[in-house]
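Rule-based calculations on the coordinates, nothing more; no lab input. In this text the structure is predicted, and so the values were computed from the model without any measurement. Don't worry about glycine lacking a Cβ; one is built from the backbone with ideal geometry, like all the others, and counts go over all protein chains shown.
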Amino acid sequence: MADEWRPDGYGEGDARQGRRRRDEGYGQGDYGQAGYGQGDYGQAGYGQQADPMPWERAAGPERGRPREDQGRGYDGGRGRGYPPPPAPGYPAERGYPAPENQGYQGDQGYQGYDEDDDFHAAEDGPRPPGRSRRDAGGPDGGRPGKKALAPALIAGRALAGVVGAAVFITTGSIWYVNSSLNDSLHTSDATNAAKPGEGGYVPKHLGNDINLLLVGLDSRKDMNGNDLPTSLVEDELHAGSSAIGGYNTNVLIFMHIPANGGKVTAYSIPRDSDVDRPGGSSTISQVPTFPSDGKGKIKEAYGDAKAYAESKLRAAGITNKPDLEAKSREVGREATIAAVQELTKQHVDHFAEVNLVGFYDIVKAIGNIQVCLKAPANDPIEDGAGTGINLPAGVSTINAATALQFVRQRFHLPNGDLDRTHRQQAFLSSVMAKLRSEGLFGDLGKMNSLLQVVSNDIVIDKNDNWNVLDFAASASNLTGGNAQFITLPTTGTTKVKGEDALTVDPDAIKQVFASTFTKDATPAPPPTTASSAPTTAPAAPSTPAPPKDTITVDNGTTSTGLALKLSSFIMDKTGVPVTKTGNGGNIRHTVIRYGAGGQDEAQKIADAMGTGTVPVASSSLKANNIVVTVGSDFKQSKLTEGSTPTGGSTASGGSTGGATGGSTGGSTGGSGGGDTGNGLNSGGAVDASSQNGIPCVY
Amino acid sequence: MPGWLPAAAVGLGPVLAAIVGKILGNYYGPGFAVVCVIAAGLAAAAAASNWLWYLIPALPPVIWLVGAVAELEWRNPPYQGTKAEAVGLVHATTHTFPVIAVCAVVMGSVAVWGTVQERKKKGARRGR
């Protein structure tokens with residue numbers, strides 16, 4: 001069949017025939033057509049790419065074979081302007097100049113076929129005008145030199161591309177979110193400032209536990225040193241004038257987060273504690289050191305060092321306000337950390353600082369927060385002092401502005417500043433409970449959204465590449481009833497620069513810290529498996545039903561703050577929050593009156609007080625209203641019954657949990673607090689596990 | 001160049017990079033980045049065009065995987081607990097993505113350059 005001329009091609013015949021003919025042709029040398037039979041067109045299909053993948057090799061014969069099977073030779077050459085076939089009778093398989101690219105090269109040719117030789121051979125043949133080699137059509141009539149890709153090959157490449165792209169996009173997205181999260185925050189290197197031999201230097205501890213210092217700065221300035229808008233400070237924050245406040249660290253919470261997931265212990269350091277404030281090295285080049293300030297209130301270490309640094313920076317020619325503020329604040333942080341380390345002899349691994357407006361913004365971004373009061377809070381603004389808060393006892397849902405009032409109130413509280421410290425602890429616990437319930441800690445996106453709002457008001461350290469993600473992971477340890485807040489014990493009061501301050505026993509404090517920070521915390525209980533899980537789901541935080549009765553407690557004695565303490569007592573014993581407190585003259589015998597429907601509750605209160613008082617019905621009271629006027633027959637020692645002494649130990653939560661009002665021993669200069677028997681007092685511990693993470697405090 | 005070199009460069013280069021980085025003090029630092037980039041460039045230069053279809057996409061997962069394992073295994077203090085390890089993976093991702101991006105650019109550039117050179121060469125031959 002191959003011997004006859006075919007007008008539509010250059011000889012039918014399979015590849016094998018072609019090769020044979022080529023051999024013959026060469027052997028015969030009759031035709032003088034070097035290009036004859038080159039590549040044996042049918043075989044072109046066998047040759048695949050120069051370096052095929054294994055699966056491509058497998059696919060190759062599949063593509064080549066049809067050509068061979070068709071035995072069409074290089075029919076791709078049809079109609080491409082090649083010289084007309086020889087006259088009839090001229091053997092089709094002989095002497096035809098082969099089109100270039102036949103069956104040899106990268107795309108089509110089989111390996112080992114010498115490209116140049118082929119070309120040369122082909123070039124010997126006539127080429128129609130206007131046609132280059134690249135114009136030559138492929139065997140399938142498509143583009144020359146291009147072969148159709150097998151579906152398997154396409155799928156393989158596509159799969160590889162999709163996987164690679166997916167990983168690239170995913171990692172890129174995480175990188176972007178995480179980077180923007182951290183880039184937007186202010187960072188500090190203050191934890192690395194203290195050098196060996198300096199006061200306040202404590203070597204890093206062994207192990208993987210984390211000591212984290214939370215600093216709440218009572219500053220009415222932004223990060224650039226500009227005053228916050230008056231309207232914001234006075235109307236929204238209810239924080240008085242922009243001119244007051246300075247740079248006091250009104251919140252200092254030093255917490256120990258065990259690496260094994262054990263219970264977090266958080267110590268609040270009373271802001272007025274009279275402590276040593278050592279000098280030391282600074283990381284700010286223009287202020288290589290800051291001086292010791294001797295003894296003084298720990299809250300002022302920040303501001304004093306900042307003022308010193310600012311003067312040094314100005315002397316060094318730094319006048320740019322944001323730069324000046326950032327660097328001088330850094331020295332303030334270093335001084336605060338040095339003072340805390342000197343007091344506790346524990347290394348501060350990491351810290352986070354938030355200022356007034358930052359606190360406000362955080363709460364605003366989070367949304368309303370639930371807090372629980374053991375006694376009604378009423379702190380009118382008088383002579384520029386006071387917060388204006390007015391909340392009933394029990395659980396309340398408060399907004400950002402009220403939250404600020406809640407954590408700043410220190411007047412009209414049984415124990416002044418110590419109760420304020422408890423408020424801060426309780427509020428932190430409530431915030432964590434809220435964040436946990438909203439799943440923020442496991443969601444980078446939510447975290448990013450929140451931090452974008454507050455990024456300009458928060459400073460975290462960058463020690464060991466610590467970033468906001470690590471901070472969030474550590475903070476999440478405070479949730480789920482896994483934290484206990486304790487106020488550091490104080491021993492009494494003293495005067496510092498004419499102001500009241502709290503004395504502390506540094507040795508006792510070091511012992512307290514050593515006992516909790518340097519030993520491994522109790523390992524966390526093993527995770528509950530499905531098979532052993534309780535059948536009832538744990539209760540989610542929720543707002544309790546409003547109390548049926550409205551209870552008013554009036555103080556009928558000369559003992560200051562007794563109504564508040566009795567309110568807490570009643571809530572602990574009966575679970576019923578007191579609505580409001582007041583003064584009730586000076587009476588000997590306690591009186592309990594009730595309106596319609598309040599008899600049972602009134603009797604429970606009478607039983608709890610143990611005064612032998614018989615509640616009496618009163619037609620002047622509205623239904624379900626109860627008024628307790630406490631007289632001097634009430635034994636105040638009852639208020640501490642069942643409370644565990646504080647000063648570093650755990651306080652029991654009573655029926656409603658939370659601070660137990662353990663500090664009852666008379667108010668001393670606003671510090672108050674019950675004596676624990678060892679000369680130390682600090683008020684009760686705040687247990688974050690109480691009330692579903694919403695501890696009740698004064 | 002040996003045929004296995006491209007695959008070895010992509011598969012083992014990041015491992016070598018992490019080891020070099022650790023020796024130099026930071027398993028995701030400059031040492032890690034430089035060795036990864038060299039490996040990527042080498043792989044792209046040594047690979048045939050077909051291989052590039054697979055080598056370039058393989059690079060991101062390999063680098064990320066190596067970075068993740070290194071972060072979880074070598075981080076001091078180590079991550080403890082699932083939550084901490086999840087944070088570690090985010091850290092690893094943050095550390096490795098810039099390296100992945102640079103390596104991808106390098107591989108792509110080398111591949112394009114190689115292709116252009118090849119075509120020029122072919123063109124020259126055909127022009128003869």
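On a 0 to 90° scale, report how tilted helix B:49-74 is relative to the longest principal axis of chain B, with both axes built from alpha carbons and the result rounded to the nearest 10. The two axes meet at around 10 degrees.
Kindly flag which residue pairs out of A:510/A:635; A:195/B:22; A:221/A:364; A:204/A:510; A:204/B:22 have an alpha-carbon separation exceeding 24 Å in this structure. Intermediate values should be presented prior to the final figure.
Numbers: A:510/A:635 36 Å; A:195/B:22 27 Å; A:221/A:364 19 Å; A:204/A:510 16 Å; A:204/B:22 22 Å.
Beyond 24 Å between Cα atoms: A:510/A:635; A:195/B:22.
Relative contact order (percent) for the stretch A:155-280, with alpha-carbon contacts under 8 angstrom and 6 or more residues of separation? Present the calculation step by step, with values, prior to reporting the outcome.
On the way: 122 pairs, mean separation 29.9, N = 126.
Value for the stretch A:155-280: 24 percent.
Relative contact order for the stretch B:1-109: 30 percent, from Cα pairs under 8 Å spaced at least 6 residues apart, divided by residue count.
Taking the Cα centroid of the stretch B:86-128 and of the stretch A:378-401, what is the distance between the two, rounded to the nearest whole Å? Cα centroid to Cα centroid, the span is 63 Å.
Each Lys and Arg adds +1 at its Cβ and each Asp and Glu adds -1 at its Cβ; summed about the Cα centre, the stretch A:157-264 shows a dipole of about 600 debye.
What you get for chain B, charging only the Cβ of Lys and Arg (+1) and of Asp and Glu (-1), is a dipole of about 900 debye around the Cα centre. In plain terms, the residue of A:201, A:360 with the fewest other Cβ atoms within 10 Å comes first and the most crowded comes last, giving A:201, A:360. Remark: A:383, A:218, A:419 ranked as A:383, A:218, A:419, counting other beta-carbon atoms within 10 Å and listing the fewest first. In terms of distances greater than 30 angstrom between alpha carbons, the cross-link table entries A:321/A:434; A:446/A:573; A:580/A:638; A:495/A:565; A:327/B:83; A:495/A:580 yield A:321/A:434; A:446/A:573; A:327/B:83; A:495/A:580. Residue exposure proxy: B:126, A:277, ordered by other Cβ atoms within 10 angstrom of their Cβ from fewest to most, comes out as B:126, A:277.
Would you tell me the mean number of C-beta atoms belonging to other protein chains that fall within 10 Å of each C-beta in B:118-126, as a whole number? Spell out each step's value before the answer.
Numbers: counts 1, 0, 0, 0, 5, 1, 0, 3, 7.
The per-residue average across the peptide is 2.
So what is log10(I(q)/I(0)) for chain B at q = 0.22 1/Å, when the Debye sum runs over its Cα atoms only? With no solvent term, the Cα-only Debye profile gives -1.15.
Remark: mean inter-chain Cβ contacts per residue of B:81-92 equal 4, using a 10 Å Cβ-Cβ cutoff to other protein chain atoms. For residue A:497, the lysines whose Cα falls under 20 Å of its own Cα, not counting residues fewer than eight places away in the same chain, are A:295, A:297, A:299, A:306. In this rough spin-label picture, where each label sits 7 Å from Cα along the Cβ direction, the residue B:34-residue A:318 distance is 3.3 nm. Taking every DSSP helix (H) stretch of at least 4 residues in chain B, weighting each as -39,500 (n - 2.57) and dividing the sum by the residue count yields a mean residue ellipticity at 222 nm of -30500 deg cm²/dmol.
Would you mind checking the tilt of helix B:5-24 against the longest principal axis of the Cα atoms of chain B, expressed as 0 to 90 degrees and rounded to 10? Tilt of helix B:5-24: around 40 degrees.
What is the calculated FRET efficiency for residue A:163 to residue B:115, with r their C-beta to C-beta distance and R₀ = 25 Å, to the nearest 0.05?
Numbers: r = 23 Å, r/R0 = 0.91.
That gives a FRET efficiency of 0.65.
Give the shape of the stretch B:1-44 as rounded, prolate or oblate, defined through the alpha-carbon gyration tensor: a ≥ b ≥ c are the square roots of its eigenvalues, a/c under 1.5 means rounded, and otherwise the shape is prolate if a/b is larger than b/c and oblate if not. Could you put the intermediate results ahead of the total?
Working: a/c = 3.55, a/b = 2.38, b/c = 1.49.
Verdict is prolate for the stretch B:1-44.
Here the scattering of the stretch A:336-427 is modelled by Debye summation over its C-alpha atoms, one equal scatterer each and no solvent; at q = 0.11, 0.12, 0.14, 0.15 Å⁻¹ the log10 of I(q)/I(0) is -0.39, -0.46, -0.60, -0.67.
For the peptide A:174-185, the mean number of other protein chain Cβ atoms found within 10 angstrom of a residue's Cβ is 3.
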